[in-house]
Structure formats: C-alpha cells, structure tokens
Amino acid sequence: MNESHQGEFRITSENDIVMARKVVRDAATTLGFGITDVTRIVTAASELTRNIYHYAKSGVMHWRSLNQDASVGLELTFEDSGPGIPDVEKAMEMGFSTGKGLGLGLPGSKRLMDEMTIESTVGKGTTVVVRKWLKQ
Amino acid sequence: MVSESISVIKLRGLLLVTVPPDPDDETVSALQEQVLQAMAQHDCKGLVLDISTVQTLDSFFARTVAETVQMVALMGGRTVLAGMRASVAVTATQLGLTVGNSLTALNVDRALDLLNSTLSKDLRL
C-alpha cells in the first residue's frame, strides 16, 4: 500500500461520536489492523471525539495513512478552537478531570496508541495527534 | 435520537438486556433508565447485560454500566455482565476502565447459571 489515504470529519453533535468511530473503524480495517488494534484505535478516537464535543462543542478529526520506512500506520488529528487545556501535564494524569468525566480519556488514549502529542493554548484551542503503527 | 433499539426481556424472574453493537451516548443513558424501570416493574432479582455484540466500550459507556450495576444493587438485584469480546476486554483494561462490582460470564448461558446459583445462595443466607 503506497498510496496515501486520508479524510476529515467534522464533530458538531453527540451523534458524531458514533459516526467518528465508524469512520476510524473503516480506515483502520482498510489499512490491515487486526481486531484488537482496531478496537484500541476506535476506543481512543471515541474518547478524543467526546472530549471535543464536551469541552469545545465542535471541532474536526483528520485521519491519514502513514508510510514510513516500510512501516504502515494510521494518524488521527483532533483539532478544536475550544477553551484549551491550562495544564497539559495534569490533564495526562489518570483520574484527573475538570469536567464530569472519569479522567481516563487522555491518559487512556495514550496507552491505547503508540504515539500521542498534545498542543494546547488557553483561549485558542487544542490539537491532539495520535498514531498507531501496524505490527509487521 | 435513540439510534439503536434496546431489547429488554423478562425471563424466569430475571431480566435479559441486549446492548446494541455501537450505541450513542443517548442510547446508553436510555438503556440505564429502561433497565431500572423494568427491574421495578417486573419485580426482578437479577439482571443479565448481554454485551456480546458491543464493539467499543469507551469510558462513558463503562461508567454508565458500572453505575447501572450499582443502582440495580441498591434495588436489591444482582447483575451479570455477559459476553465481553476479547478485543474489548484488552482495550478496556488498557484504558483503565472498571465495571464496578459486577459479576461476569463468558456468555448469556453461563450468566444465567451464575445468576441462578448466586441468587439461591443469597436466599439461604
């Protein structure tokens, strides 16, 4: 698979959490991920999409396939113009939440994926990028 | 909008609830309400939550299930969570999810056995 696959999905309602899961499930399955990795990726996407809906109300999820040194992967980017995260380090702690969540979304998603980066500016918004590589 | 229907069946004094494969948040919340209403209405002592078709168990879904187990317990009932897929169990554990003090079983058949023996033990105490 050398051609690049990509797409984007707008998150504006609660039902879009389900739709985002479907989009990510299709993308991950097409790339050849096994059932357990597909479940990991879809679950992380569900957490990160819900974060956007709850904290920023709306945002965009971009997805694209990765081809690097003969490795195939999937990258998901979650972008919003919401309130931002004042203390990213704190937000990455298990059980920490400023909302009504369990505080598992960010740290849990990091454990489910291979890579995760968060960029956030208070008052401007948040961008979360996660990647999963296909095990050869 | 509740996108997927929830099946609630009363079976020999027990409640069998089948959770749809990919429910939205509203469906998950509606499920909790329907389960509690049916428990009271049918005077059930036990609940089997069949999650064998569930593909994604995220933190919201897991919290609602754990809450439901707790609420059913407060109403004097026991819950068995039945049929969690291996991929879902792996993912839920890595995410850090717990489902409260629910009993678990590999499938609905075993869940019914477990519930029957647990309830008869409860009676003898």
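Please treat every number below as a calculation from the coordinates, not as lab data. This structure is a prediction, so every number in the text was calculated from the model and none was measured. Methodologically, a virtual Cβ is constructed for each residue, glycine included, from the backbone with ideal geometry; neighbour enumeration extends over all protein chains shown.
Taking the Cα centre of each part, how many Å lie between region A:1-58 and region B:7-80?
26
Hey, what D do you get for chain B in µm²/s if you plug the Kirkwood alpha-carbon radius into Stokes-Einstein at 4 °C and 1.567 mPa s?
Numbers: Rh = 14.5 Å.
The Stokes-Einstein estimate is 89 µm²/s.
Quick check on the exposure proxy: order A:85, B:9 from fewest to most C-beta atoms within 10 angstrom. Write down the numbers at each step before the final one.
Numbers: A:85 22, B:9 12.
If I rank by nearby Cβ atoms, fewest first, I get B:9, A:85.
Strictly greater than 22 Å: what percent of every Cα pair in the protein assembly as shown meets that?
On the way: 19260 of 33930 pairs.
Looking at the protein assembly as shown, the distances longer than 22 Å represent 57 percent of pairs.
Sorted from largest down, give the three principal axis spans of the alpha carbons of region B:21-94, whole angstrom values.
Rounded to whole Å, the extents work out to 35, 22, 18 Å.
Within 10 Å of each Cβ of B:84-96, how many other protein chain Cβ atoms are there on average?
On the way: counts 0, 3, 3, 9, 4, 2, 6, 12, 3, 1, 8, 13, 10.
Shielding by partners across B:84-96 averages 6.
May I ask which residue of B:18, B:39, B:62 lies farthest towards the positive end of the charge dipole of the protein assembly as shown, with charges of +1 (Lys, Arg) and -1 (Asp, Glu) on Cβ and the Cα centre as origin?
Final value for the positive-end residue is B:39.
Please report, in debye to the nearest 20, how large the charge dipole of chain B is about its Cα centre when each Lys and Arg carries +1 at its beta carbon and each Asp and Glu carries -1 there.
Values: 9 positive and 13 negative charges, 136 e Å.
Rounded to the nearest 20 debye, it is 660 debye.
So which lysines pass the test for residue A:135, namely a Cα distance under 29 Å, with those fewer than 8 places away in the same chain ruled out?
Leaving aside lysines fewer than 8 places away in the same chain, those within reach of residue A:135 are A:22, A:110.
Count the net charge of all other residues whose Cβ sits under 14 Å from the Cβ of residue B:93, scoring Lys and Arg as +1 and Asp and Glu as -1.
Details: positive: A:40, A:111, B:85; negative: B:58.
For residues surrounding residue B:93, the net value is +2.
Mind checking the dipole of region A:2-93: about its Cα centre, +1 per Lys or Arg Cβ, -1 per Asp or Glu Cβ, Debye to the nearest 20? Show your work: numbers first, answer last.
On the way: 9 positive and 14 negative charges, 65 e Å.
Computed charge dipole of region A:2-93: roughly 320 debye.
With viscosity set to 1.306 mPa s and temperature to 10 °C, compute the Stokes-Einstein D of chain A, Rh being the Kirkwood radius across alpha carbon pairs; µm²/s, no decimals. Could the numbers behind the result be given before it?
Details: Rh = 14.9 Å.
So the translational diffusion coefficient is about 106 µm²/s.
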